[in-house]
Each structure stands twice: as structure tokens, then as C-alpha cells.
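Report on the following structure.
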Amino acid sequence: MADKRQLRIGHSLWPLGRHGSAWRLPRVHRLLEGDPQFYRDSVQTAERGLFDYFFLGSSESARLPARQAQTAEGGGFRAADGARGIGGSGGPGADHYWTPNQLIKLESFTATSFVAALSRNIGLAATFNTTYHHPYTIARQAATLDHLSGGRAAINIVTGRADDAARNYGLPQQPDTDDRWERAEEFIKILWSLWDGWEDGWLINDKAGGVYIDPDRIRSSDFHGRFFDVAGPINIPPSPQRRIPLIVAGASQRSFEFGAKYADVRFIPFADRQAEYYRTQKDLAAGYGRNPDDYFLLPGITFYVDETSTGAHARFREVQDLATPVYSASALGAVLGYDLTPFAQTDRVLDVVDLAAIPDAAWVVHRAIHGFGDEHITLADLDHFVANMPFNQVPVVGSGTEVADWIEEQFLDRKLDGVVVFPPFQPGALDAFVDLVVPELQRRGLFRTSYEGTTFRERLSGRSGRTVSRPATPVVTPELVDAAEAVRRVAAGAALFDVRNTPTDPVDGAVPVAKDALVRAVAEAGIARHQPVVVYCGSIAGSGPAADALSAAGWSQVSHVDGGYQAIRSVVADAVTSP
């Protein structure tokens with residue numbers, strides 16, 4: 001049992017309900033987004049269900065609908081879905097598919113700190129945008145949250161996708177995809193260098209001798225990149241997790257590579273060809289030298305759960321029937337890739353749509369049939385379903401046992417490592433999942449029956465220790481070379497640095513520098529991160545740490561000399577200065 005895979009379950013807070021029409025339910029009688037009692041009840045319910053983490057999204061802009069979007073002519077409220085090209089920020093029909101969730105969003109770090117004080121075990125994931133914020137600030141905020149929550153912090157990384165957010169930060173438009181993710185790469189390297197800058201043993205606390213710290217164990221970052229220059233060190237001691245777990249999402253190849261290198265959790269869609277998607281992401285992580293089992297892939301799912309299957313499907317229809325008051329054949333046709341204009345909204349889908357002609361979209365119809373629990377759904381029903389299905393987050397509808405069956409099947413088929421629960425409506429949907437689904441998953445041995453470990457990372461990985469499950473640092477390990485190879489590299493253009501404590505009589509062409517000043521010296525010399533650098537000391541015990549620090553700062557072709565100074569001096573002769 002100890003070696004059996006276990007599900008990971010998160011909760012994503014949506015005070016108005018994830019399904020865009022849920023705010024119209026009669027029992028939703030107040031603005032829950034700013035209600036502290038709602039936040040308290042939500043985090044404590046998720047913790048009662050032994051969830052891995054509680055997630056709060058964020059947004060850097062408020063998007064209002066056009067006036068006609070809230071009228072019959074505009075089609076009413078529909079959930080935005082930029083992933084299908086028919087809504088979302090900036091997409092065609094964005095106003096037609098507007099939902100209140102796009103307008104109201106509390107600041108994530110502040111809200112996460114609030115719920116930290118109201119919980120004891122659950123992980124706490126705050127969201128930050130690497131395009132519009134500075135890594136030194138985020139490093140301090142995240143480390144503070146980790147300290148005050150007892151090691152339960154996580155950070156969700158986004159890079160932005162809308163020009164309206166860019167304009168709030170003085171930019172005419174958002175940077176392109178490559179620039180955003182390159183900036184995010186620098187961002188994470190800086191976070192890690194700041195958090196790792198305080199070595200174990202920094203605290204002396206010798207009251208008799210009047211010595212509080214060992215300053216040699218607190219290192220500067222000295223990071224100089226395209227987007228950021230950060231000196232460091234951070235003014236916060238190492239938090240319980242030190243490197244705080246990272247969550248990432250995104251649909252671009254750059255985001256896939258970023259997650260595979262850095263993230264602990266990837267938030268994924270759930271759609272057709274899911275097993276292929278799952279394998280691709282795991283293979284990417286393995287390609288970066290990571291154990292793919294330490295990279296958790298979790299889709300967001302809207303669960304409609306009730307005591308009976310009939311009750312769950314009735315609740316599903318209640319929410320869907322509050323969606324678009326005016327049927328939109330053109331919008332629905334755009335989703336399916338099928339001309340629906342000849343048909344009436346009361347026509348049954350399976351009578352008028354040839355699913356064989358839409359292999360890439362047939363799954364949408366199948367999921368709608370599942371949701372309604374009725375093969376005779378109409379085009380209007382399907383339109384309501386599409387309006388409420390944001391970003392490929394499928395609904396799963398049924399009794400507690402049926403929902404547990406679905407989760408178990410996808411888990412055992414290696415399509416997911418767990419789920420993020422997106423309550424389709426509030427209140428009540430989260431409680432139903434905790435009370436009806438979690439006990440069934442526990443009975444099957446698929447989910448924990450108590451919290452074990454102390455930190456979020458320990459509970460996520462299933463292992464104890466601060467560093468056991470950290471993603472591998474995505475840098476090239478410095479290469480240990482013999483003296484002859486070092487001389488050849490220098491002759492070919494590599495820069496040579498002497499990091500001995502007393503660098504008397506250095507090798508010709510070598511730049512003497514203190515070990516802890518090597519990164520700054522290389523940067524100030526104008527040596528690009530792709531250019532080769534050779535480091536030597538009295539022995540590899542001295543050159544190794546210096547070379548590691550240089551690689552961690554971003555230099556990708558670093559080598560150090562086996563045998564140190566004496567070895568390279570014995571073979572250098574005139575080779576270093578030879579043409």
C-alpha cells in the first residue's frame with residue numbers, strides 16, 4: 001500500500017461558481033468574492049476533505065462586457081472560452097461570452113495569507129504574474145507566507161495573456177510569448193538563487209561571544225540577465241520549504257518546457273487525446289533529468305455531485321438552463337466546426353449533427369450527453385453546455401460513487417495524477433464532493449485518510465525532507481576536465497579564472513578572483529552566458545563550488561580543472577598565449 005500511487009486533489013476558489021450562469025441561481029444571494037466567511041468556510045471544507053492545496057487565482061485587469069453583451073440581442077451571459085477561439089480576452093465574440101468571473105478577483109497573496117490563518121494543514125497556492133511583477137518582491141512575499149503558514153506555501157506562475165493587463169502596467173500591449181517565458185525563466189532562477197542564498201549553519205546565536213550569524217554562509221545572487229539585475233541577498237532566512245513549490249499552466253510549447261523544468265504541479269486541460277497529452281508532459285520532465293512521478297498533472301474539473309445520479313443530473317440542468325437566453329447557432333457551429341444554421345434550436349443534436357464529420361469536436365457532444373444524462377439533448381441544450389464549459393474543463397456529473405469511478409478510471413489509465421475541484425456553483429458543490437466523493441476514494445485506497453508530513457512539499461511528494469522532491473535545477477552541471485583539455489578550451493577562446501584563496505603566480509591569461517566574487521567578476525567582464533568559462537583552484541574541492549555557483553547563475557559552458565592549479569600549470573607552458 002505504501003508504494004501505491006495516490007491521487008492529488010486541489011481546490012480552486014470560484015466565489016460565483018465556475019459555470020458562468022451559476023450566479024443566477026436563486027440561492028446565490030450575495031457577493032461572495034469579498035465575503036471573509038465564505039473564504040473561511042471554503043478553506044476549512046477543503047481541509048476537512050484532506051485536499052493537497054487551496055488555490056486562489058488572480059488577474060491584473062477587470063474586463064467589462066459591452067452593453068449589448070447583457071441584452072437579448074447580445075446573447076446574454078456565456079462563459080468565456082478563448083481556447084476555442086470564440087471568447088476570452090481579446091478573442092472573437094469576447095463580449096458575447098462575458099461572465100462575471102472575468103470582472104471580480106481579489107489580490108491573491110493577500111487572500112492566501114488570510115486563509116493561512118484559518119487553516120492548519122492544507123497547502124496554499126497564491127498566483128503571481130512574472131510579466132508585471134519583480135522577483136525580489138515575490139521572493140519575499142512567498143517566503144513570508146511559507147514561514148507564517150508553517151511550510152504550506154505554493155506559488156502559481158502566470159505570464160499574462162491580455163493587452164488590458166499590459167496597459168495597467170504602462171505597456172501598450174503584452175509582450176510576445178517567447179519574451180514572456182524567457183522573462184519567467186529569469187524570474188524563477190532569481191527566486192531560487194535568493195532562497196538558496198542562505199546556507200545551512202548561517203545562524204550562530206552565540207550570546208556569550210556576541211556572534212549572531214556566519215556572514216560567509218549568506219550569499220548574494222549577483223544575477224544579471226536580459227530582464228532583471230538582482231544583487232541580493234534576500235533579507236528573509238530560509239523558509240520551511242526553502243524552494244517553494246511551483247504550479248504552472250499554459251498552452252504554448254514554451255510553457256510546456258518551462259513546467260517540465262521547474263514546476264511541481266502542472267494545471268492541465270482535460271479533453272480528447274488526454275493520455276497522449278499526459279505522456280508528452282511526463283516525457284518532457286524526464287528529458288530534463290527529472291523523475292516524472294514528481295511532476296503532477298492535474299486537470300480542473302467541474303463536479304456536479306449528489307446523493308443520486310438523478311439528483312446530480314437535475315442540478316446540472318438547473319445551472320445550464322440559466323445560461324444563454326438566446327440560442328446562438330453561429331457560436332455553437334464555430335465550436336463544433338459544423339454548419340448549424342439550417343436547423344432549429346429544438347432539433348435533437350444526434351438527429352442533425354454527423355459526429356463522424358467532426359472527429360475533433362465529437363467529445364464535446366459526448367460530454368454534454370453525459371452531463372444532462374440524456375441522449376436526446378437539443379441544440380439549445382448543447383449551446384447552454386458550451387456556454388458554461390470554460391477552457392476545456394469538462395463537467396463530471398453523478399453520484400459520489402459514479403464520480404469516484406470516473407476519477408479512478410482516468411487515474412489508472414494514466415490520464416491525470418489527480419484533479420483540481422472547480423465547484424460549478426456556490427455554495428454547496430464543494431461540500432458535496434468532500435462528503436460523497438472523498439470517502440469513496442479513500443475506501444478504494446486512492447486517497448489519504450489523514451495528513452502526513454509537515455510541509456506542502458512533503459505531502460505532495462509523499463516523502464519527508466525539505467529537498468527530496470525539488471525539481472532539478474535546470475542548469476548544465478559544470479564539467480570536470482583534465483588540465484590538457486582545460487588548456488585546449490582556453491586556447492579556443494574560453495575565459496580562465498583563478499579562484500585560489502591566495503592566487504600568487506596565476507597561470508598566464510587567468511583572472512584571479514575570490515570564489516564568492518566569481519559570478520560578479522564574470523558578469524562584469526562582459527562574458528555572455530553561452531560563452532565557455534574555465535575555473536581552477538588549488539583542488540576540485542575549491543573550484544567545484546565556484547563553478548556550481550556560476551552555472552546556477554546561468555552560464556551554460558562552465559568547466560573546472562581536475563588536479564587544480566598544479567596540474568594546469570604543469571601542462572600550460574606557452575599554450576594559453578599561443579595563437
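Each Lys or Arg adds one and each Asp or Glu subtracts one; over the other residues with Cβ under 14 Å from the Cβ of A523, this totals -1. The amide H of R8, built 1.01 Å from its N in the peptide plane, has G418, V419 as neighbours under 5 Å, considering only residues 5 or more places off or on other chains.
Separation of region 303-346 and region 135-165, taken as the distance between their Cα centroids, equals 37 angstrom. Using the alpha-carbon centroid of each, what span in Å lies between region 21-65 and region 475-506? Cα centroid to Cα centroid, the span is 56 Å. Along the Cα-to-Cβ line of L350, 7 Å from the Cα, sits a label point; which residues in region 359-385 have backbone N less than 13 Å from it? Only 365-378 fall inside the zone, counting backbone N under 13 Å. Beyond 47 Å, the tail of the calculated P(r) for the chain holds 23 percent of the Cα pairs. Applied to region 130-141, the Karplus parametrisation 6.51 cos²θ - 1.76 cosθ + 1.60 on θ = phi - 60° returns per-residue 3J(HN,Hα) values of 6, 6, 10, 10, 9, x, 5, 5, 5, 4, 5, 4 Hz, with x for Gly and Pro.
Electrostatic bookkeeping for V499 treats Lys and Arg as +1 and Asp and Glu as -1; over the other residues with beta carbon under 13 Å from its beta carbon, the sum is 0. Sorted into 5 angstrom bins from 0, the C-alpha pair distances of region 201-322 split as 2, 8, 12, 11, 10, 11, 11, 10, 7, 5, 4, 4, 2, 1, 0 percent. Other residues with beta-carbon under 15 Å from the beta-carbon of T177 carry, at +1 per Lys or Arg and -1 per Asp or Glu, a net charge of -3.
Less than 5 angstrom separates the built amide H of F303 from those of V396, F422, all sequence-distant by 5 or more or on a different chain. Answer rounded, prolate or oblate for region 366-405, using the Cα gyration tensor with square roots of eigenvalues a ≥ b ≥ c: rounded when a/c is under 1.5, else prolate when a/b is larger than b/c, else oblate. Oblate.
Amide H contacts under 5 Å for S539: Y565, restricted to partners 5 or more places along the chain or on a different chain, H placed in the peptide plane at 1.01 Å from N.
Please label the shape of region 126-197 as rounded, prolate or oblate, based on the square roots a ≥ b ≥ c of the eigenvalues of the alpha-carbon gyration tensor (a/c under 1.5 means rounded; beyond that, a/b larger than b/c means prolate, else oblate).
Prolate is the answer for region 126-197, as a/c is 1.5 or above and a/b outweighs b/c.
Here the dipole of the chain is about 960 debye; that uses its Cα centre as origin and unit charges on the Cβ of Lys and Arg (positive) and Asp and Glu (negative). Distance between the pseudo-spin-label points of D214 and E524 (7 Å out from Cα toward the beta carbon): 2.7 nm.
When nucleic acids and ligands are ignored and a 1.4 Å probe is applied, F227 ends up with an accessible area of around 60 Å².
The values are calculated or read from the model by the stated rules, or taken from the named source; none is laboratory data. No experiment lies behind these values; they were computed from the predicted model shown. All Cβ positions, glycine included, derive from the backbone under ideal geometry; neighbour counts span all protein chains shown. With ligands, DNA and RNA removed, areas are computed over all heavy atoms of the protein, side chains included. Shrake-Rupley method; radii C 1.70, N 1.55, O 1.52, S 1.80 Å.
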